[in-house]
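Asker: One structure is given below, represented as structure tokens, and several questions about it will come after.
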Amino acid sequence: MSNLYVMAEESGIEKKLGPIFPAPAEVVLGLVAFGLLLFVLWKFVVPRFEALYKERAEKIEGGIEKAERLQAEAEEQLQKYKALLADAN
């Protein structure tokens, strides 16, 4: 193991940062790549998700309103049916 460490020191891989820390160029490249990915996601993917979310929420709200309206109509029909039964007796 010590031979590999000595070879790395001789070839200049470690430089001043040591064997654990990445080279500054790698950090900069990683940050640029991350920024580019973040931009693409923010510009193209997030608006599509927002539109789908809004559409789904509207469908759910519309379904709830329809269900409430049908429930009210069913209650009204039940009251009419009970009134007819009361008149029949």
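Readers should treat all values here as calculations from the given coordinates under stated rules, not as data from a laboratory. As the structure is a prediction and not an experimental result, all values here were calculated from the model.
Asker: Expressed in nm to one decimal, what extension gain is obtained for the pair PHE39 and GLU76 from 0.36 nm per residue of sequence separation less their Cα-Cα distance?
Answerer: Roughly 7.8 nm would be gained on extension.
Asker: Same structure, new question: Taking just the C-alpha trace of segment 29-79, give me its Rg and Dmax in Å.
Answerer: My reading of the Cα-based Rg and Dmax gives 21.6, 73 Å.
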